[in-house]
Structure formats: structure tokens, C-alpha cells
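Asks: Below is the structure I would like to discuss, written out as C-alpha cells.
The numbers here are math on the coordinates, done by the rules we state, and not lab data. In this text the structure is predicted, and so the values were computed from the model without any measurement. Neighbour counts run over all protein chains shown; Cβ positions are idealised from the backbone, glycine included.
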């Protein structure tokens, strides 16, 4: 077991080194003491290397760190989408959550949320094993249209489109969070109903519309 | 004094053109699919003795345009300084469409709101209180059933009585930070909102007008963007939707209930995998083969040509001309082989017109029922392989009627790449109805050749599509389309629409036909024709075609259907073997688009691109003919 404090450090290392391409981080940047407990744990468990005063992630360290980041961002999704929390509160609670969601539980939550690919702030959620074998049979609370069964109903939870034009296209049709939606068909194209209109879209758009299912 | 302008605007497929037609008494095409109107139509209306100019715009979902025609529509609204903007919306979808009304109001435009298609809304149990809506929105509101003429007198009255009221630019209040930006910005509420939504056109325009201020504004927006996790345009759309829903709640709008109707079941059938393809087959078989092929190209052409022209027009005219004009050369201008009457008018009226008319009629039925978006949904997966989205099925099917019209309709496609591929395929592998009709008539007794021809054309169509999607750079297209309810076509609209298209076609075609006749006559007498024929003969002979098809291909350059009609003539005179028929119609189908289509290509895609496409088409068509002939020869196949 890695301590909570160390997990926080790993998270920071992952974000800054893997995502923001920094070379390494110093003790001060990581807000840890030289020879302190985190310092010792990081090196003892071979999670990081320390070279010229800079911490760098090892292979194992990166795997662990990626996992922490994934759990954090999944927790954020869970809090915003399912518990309807907003703002700073989400981040702080997510920080606590990430330590509780141990392996297995994070996969369950990922399934529940329809394997989201970005956190509510738009940064990527590292992919888990479950995302590769995602399926319609999962227990889902929220799911992208691509994982909704024809005949199922729900409310649009959020739209996640990295591409501005695509987002504009979806919004312009009046497909916005909070609207009732039901999927009618998923082949050869996705056919769904919002309000009193039906829309046909391809997989490219369907995968970005996340629906909170109503049983 | 300038004439007061009325602009009709709104979401796609809500009946704007119906209202335009009712106000002006003219005819803009009305159909049941989003994107029927791709151009701006202008007409005049007289209301209470006052003259107005009425402008019909292509449908748009919001002020931030996604497709070309949305851009056109928006620019009209911004640049024309309208007396009123009539916003037409589909009453059953008021919740989804009201945000656009709010956009118009917040842009400070003089809006009249028309809740159209009330009959369908009422069937769903939706009740709308226009009085309360008027109070909430601060603009005149009325209900209408455009296709039945209901509510139009009321609309005219509201236009005549329209008085500019206090502006309600603040009808939607956005997040405090956004409002602060708008307050501070020197560009006004509308432009500032568009800036926040990162509208590239407005950004460019403002940068040009006032560079320093625009730069500051853009920097502020970058700062704002960092404060939110969602794109600003998303926040704005959301808040507008919330405002719209709140207004509807206050105005006591009953949102209605769901009903599973018979039409809904049929609709689903047209979009299911098996049912869909079966219905497509029925549409093609009865619509194209039986109605256009057998009735149009068979019965009608036979009657007009044999009975009307050959028996009742040509003999007396020839007789008259031969007596009135003593010179052979002058006689030839009107009659004999390349005469205006014997060639030009006969081809135009007896062969082409009945075919085109029947096609347009079938197409009108397909359009008005709302079948096209369903077909688009079915075919999207296949079209994606060719770099097109399902939406492109509309210009493609229309291209089976008239390639020129269809080239214009490629505007509804959302990327440049898609428009280019669609233009190429229309020029290359989509035969127009006149051609198709003639080909059907030629092949009606020759099912094997018909089958081979179909295969060859489809292979070329798919190969050309797949290759161009591989070669051309750019993102793959995204498919989205609103699927309107299936509706019963209104018979009067079918006839008016067919008539209007025929009129357009005649105006377009007849002069070309006559000019071609005269040109052929002149060429014939100046020995130019003989020279041209000799030039074209050689490549044609390598395709195994007889020398006299040269004339037909030369005419075919002016109009493909003209050439096809010439082939038809030759076949009936027994001048072609079956192998030659196959090769000739393959080349003719793939060959250069007619002059009108070429002009449209230049207009829509610019000269260089159009010429490049033409070059590709010429090479491919002859190459395909060569390959077919080569295979037939090698295997010593005689069809």
C-alpha cells in the first residue's frame, strides 16, 4: 500500500512530467521534505529516481501514478454527474475519493459512468482495462449514446466534444444537457429522439453525448 | 424611399418557404427535409397597400453557422436591415427552437414569431398560449398551419401593424463574468456574444474594423476561457436554453404527450436495416424503372415522337420550309439532319422533356414524404467510405434528376472536402434523368447489358469516391441530420413543384438545344464538323465504336442527354452492335457534364478546380470505355 501523501505526490509528478512534459520536479516543487517519509517511500518502493535534485518517475512509478490520476478524474466525474456537485468542492472531495477507490472499485465506477474519456474540466482520463472491453451489458448509470440500448431513455448529462465545430453542431440542433432523450436505433446510424424531433447521427457524434439513464 | 424588407428565418424544415410563397404569391421549392432552400429567394408582397420585399432564407440552427447556407442566411439577417424578421418555428419543437428566437431578440432585431405546423403540435396535445408568450417575449406571436393557409391573414395583419417596441437585448442574462465582458466590450451585445462563441467570421471582421480593441477583447476571452471547464459557446447555449424553458414554463405551455402513431411505425420501418433496403428497392423499382423508365421514356416519348412530331409536325414543317426557302443550306437550318425543328425541338420536347417531367414528379413525392433524410441515415456508413456523409445522398439523388441543380445543392454539405468529392461524383458517375431515361429506353430489352452497365457505373462511382477520400486531405465528415416526420405529400405542391422545375429546366435547356442545332448546322456546312468528327473518330475507334458516333459525342459535350438521345436514335436505326451499345453508354454516362453543369461547377468550386475535375472525368470516362471494350474483345464476348 502506498500512503495517501505519496499518492498525492505521484499524481503531481504524473501531471507535470507525463502530461505537461516537464523534465522532473524538485523537493520544493513537490512540497516534500528531503529525507521525509514521502521521499523515503518514493525511492524505497522504486517509484521514482532522484537525479541532480530532480524526481523522475520509474516505469512502476508511472503505472501507479497514472492510476491515481485516473481515480481522481473518475471521482470528479462521479461527483459532478451522479451527485450533481459543482465547483471547488468537487476537486477537494475527489482528492479524498481517489484514495478510497482502489483497484476494482475504480473499474466499477468507470463502467457506471459509461467509460468517460475526459474529466469535467476537459482533461483526459487515462484509459483503464475496462474501457477496452466496454459493453452494453455493464451496469450503467451514465453512458454515451454508443453504449445505450435501443429503447432506453434518459436525460442528457453532458456533451464531451474536443472539436469545437462538432460541439457547435450538436448544440445547434438543440441537443443540450438536461433534455430528455431516447435512443430508437443504433444501426446503421444512431437514431434518437429529443423533445418531439428525431435525429440521425453517426458514431462520431453519438460517442460524445452522455446520457443519464432512467430505468 | 427604400422598400421595407421582411426576412423569413428559422430552423431548417419548419415551413419558411410555404410562408414566403403565401406572402409573395411566387414559388420557392417546398419539401419535407432540412435544407431544401439553399439560396436566398426574394419576392414582393403587398400588404394593406404597402409594398414589401420578402426574403426567404435557408434554415439555420443558430447564429454561429456550421454549414455554408447557414452562413448565407445569417449574413442576410445582419446586412439587410429588415423591417421585420419573421421567425418561423415548428410548434411541436418550441422548446428546442425558442432559443433562436431569443438570439434574434437579443440581437435587437424586430421579430414576429410564427408557431407553425400547429396541426401536428395539436395532435401531440401541445397547447400554446400566444398571449402569455407575447408578454414574456415582448414580440408579436401567432400560430399558423402554413400548408393550409391558416394564420397567414393574421401574420399579414401583424406585419402591417408592426411597431418597433423597446429593445429586449437583455432577455437572456448570462453568467456574471460573461456579462461583465459584454458590458466592457465596445462592440455591442450581439458582436460580443458572437466573439465569446468564437465565431471566426466575426473575429476576422472586428479585427479589421478595430484591431486594438479586438485584440484586447480576444485576450480577455482567453482569460475567461481558463476560468471555465466548458467552452464558452456551450455555456451560452445552455443559459439560453434555460431561459427559453423558463419562458415556456411561465407562459404555461403544455409540452404534450407521446403517441405511437401509424406514421411513426412506417417511419421506423424505412430506417430499419432490412425494411429500409426493401423500401429503397421498391422506390427505385417503381419510381425510377416503372414510372420514369417505362411510362416517361416509353409511353410518353413514343407518343410525342412518333405521333406528334414524326406524323404531325415534321412533315408539314419540312414541306413548308422546302417551299418557302429555295436554298438547301437555309432549309437545313430548320429541317433535315441537323435542323432546329427536326433535331433541336424534337430532342428537347419529344425525348428529354417527358423523361425529366416524370422524374421530377417522382422526386417531388420522395421529397415531400420526408424519405430523403431516412435514406441518408441508412446510407451514411457506406458513404463514409467515400469521404461523404449520409447527408450527401440528397445532392446525389437530385443529381439523378439534374446534375446542375444537384451541384448547387452540394452547399448543404459541411466541409469543403465533402463538397469537392460530391461535385466530382456528380460530374462523373451520376447520370441525369434525361440520360438515365434514354439509357433505360435503350436497354429495356437488353437486361444483360443493363446489368453490366449498372455494375460498371457503380464500380467507377465507388472507386472514384474511395480514392478521392484517400487522396484529398482533411477530416472525415461528421453525419447529423434531423429526421422530419413522414408526411403525406400535398398533391398541389407536387404539381407546382414539378411544374416549377420543368420551367427552370426548359429555360435552361431549350436555348442550349437550339444553339447546338445551329452550331451543328454551321459546322456541317463549313466542313468544321467533318474535321471535328475526324479528330474524335480516332479515339472512338480505339473503343470499338463506329465513326458516326463521333457526331453524338460532340453533341454530348454540350448536353449529355443530347448525346444520349443521339445514341438512342442510332440504336433504333440498327447502327450499333450490342457491344458497341454497352461501350457507348458507359462512356456517355461517365463523360463530361453538360455545359450548364460545368458552369455551375465553376460557380460553386472556382475555375481551376472545375477544370481539373473536368479533366479527371474525361480521362476516366474514356479509360472505362476502353477497359470494357478490351475485356469484351479479349474474351471474345458478343453480347
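Asks: Please check which bits of region B:38-67 a label hung off residue B:208 would reach, taking the label as a point 7 Å along Cα-to-C-beta and the cut-off as backbone N under 18 Å.
Replies: B:65
Asks: Convex hull over the alpha-carbon atoms of chain A: what's its volume per residue in Å³?
Replies: Hull volume over Cα atoms, normalised by residue count, gives 129 Å³.
Asks: Something else about it: Where does each of B:308, B:3, A:139 land when they are ranked from fewest to most other beta-carbon atoms within 10 angstrom?
Replies: By the 10 Å Cβ count, ascending: A:139, B:3, B:308.
Asks: Going from the alpha-carbon gyration tensor of region B:489-558, what semi-axes, largest first and in whole Å, does one get by taking the root of 5 times each eigenvalue?
Replies: Here the semi-axes work out to 37, 16, 6 Å.
Asks: Please give the average number of partner chain Cβ atoms lying within 10 Å of the Cβ of each residue in B:91-98, rounded to a whole number.
Replies: Mean shielding count: 4.
Asks: Under 1.5 on a/c is rounded, so check that first for region A:121-183, then, if it is not, pick prolate when a/b is larger than b/c and oblate when it is not; a ≥ b ≥ c are the square roots of the alpha carbon gyration tensor eigenvalues.
Replies: Judged from the Cα gyration tensor, region A:121-183 comes out oblate (a/c at least 1.5, b/c at or above a/b).
Asks: Could you give the distance between the Cα centres of region B:451-511 and region B:360-380, to the whole Å?
Replies: What the calculation gives is 10 Å, centre to centre.
Asks: Just checking the output field for A:172-182: average partner chain Cβ neighbours within 10 Å of each residue's Cβ?
Replies: 6
Asks: Please say if region A:82-189 is rounded, prolate or oblate, where rounded means a/c under 1.5 for a ≥ b ≥ c the square roots of the C-alpha gyration tensor eigenvalues, and otherwise the choice is prolate for a/b larger than b/c and oblate otherwise?
Replies: In terms of gyration-tensor shape, oblate.
Asks: Report, as a whole number in µm² per second, the diffusion coefficient that Stokes-Einstein gives for region B:334-456 at 4 °C and 1.567 mPa s using the Kirkwood radius over alpha carbon pairs.
Replies: 81
Asks: Next question. Let me know the mean shielding of A:152-162 by other chains, meaning the per-residue number of their Cβ atoms within 10 Å of its Cβ.
Replies: Taking the mean over all residues of the peptide, I get 1.
Asks: If you restrict to DSSP beta bridges whose two residues both lie in the protein assembly as shown, what percentage is antiparallel, to the nearest 5?
Replies: Expressed as a percentage, antiparallel bridges in the protein assembly as shown total about 70.
Asks: Assuming a ≥ b ≥ c are the square roots of the Cα gyration tensor eigenvalues, decide whether region B:15-131 counts as rounded (a/c under 1.5), prolate (otherwise, with a/b larger than b/c) or oblate.
Replies: It is rounded, given that a/c, with a ≥ b ≥ c, falls under 1.5.
Asks: Can you show me the helix-derived [θ] at 222 nm for the protein assembly as shown, built from DSSP H runs with n ≥ 4 at -39,500 (n - 2.57) apiece and divided by the number of residues, rounded to the nearest 500.
Replies: Taking each H run of at least 4 residues, the total per residue is -16500 deg cm²/dmol.
Asks: Same structure, new question: Taking Rh as the Kirkwood radius computed over C-alpha pairs, what is the Stokes-Einstein D of region A:142-214 at 37 °C in a medium of viscosity 0.692 mPa s, expressed in µm² per second?
Replies: 280
Asks: Quick one: Kirkwood hydrodynamic radius for region B:273-634, alpha-carbon pairs, angstrom, one decimal?
Replies: This gives a value of 21.2 Å.
Asks: So how far, in whole Å, is the C-alpha centre of region B:172-225 from the one of region B:131-150?
Replies: Rounded to whole Å, the Cα centres lie 33 Å apart.
Asks: What value in Å³ per residue do you get for the convex hull of the alpha-carbon atoms in the protein assembly as shown?
Replies: So the per-residue Cα hull volume is 220 Å³.
Asks: Among A:69, A:148, A:82, which one shows the highest mean-square fluctuation when chain A is modelled as a Gaussian network with alpha-carbon springs under 10 Å?
Replies: Per the Cα network of chain A with a 10 Å cutoff, A:82 tops the list.
Asks: Roughly how far apart, in whole Å, are the Cα centres of region B:286-329 and region A:1-70?
Replies: Here the answer is 89 Å between Cα centres.
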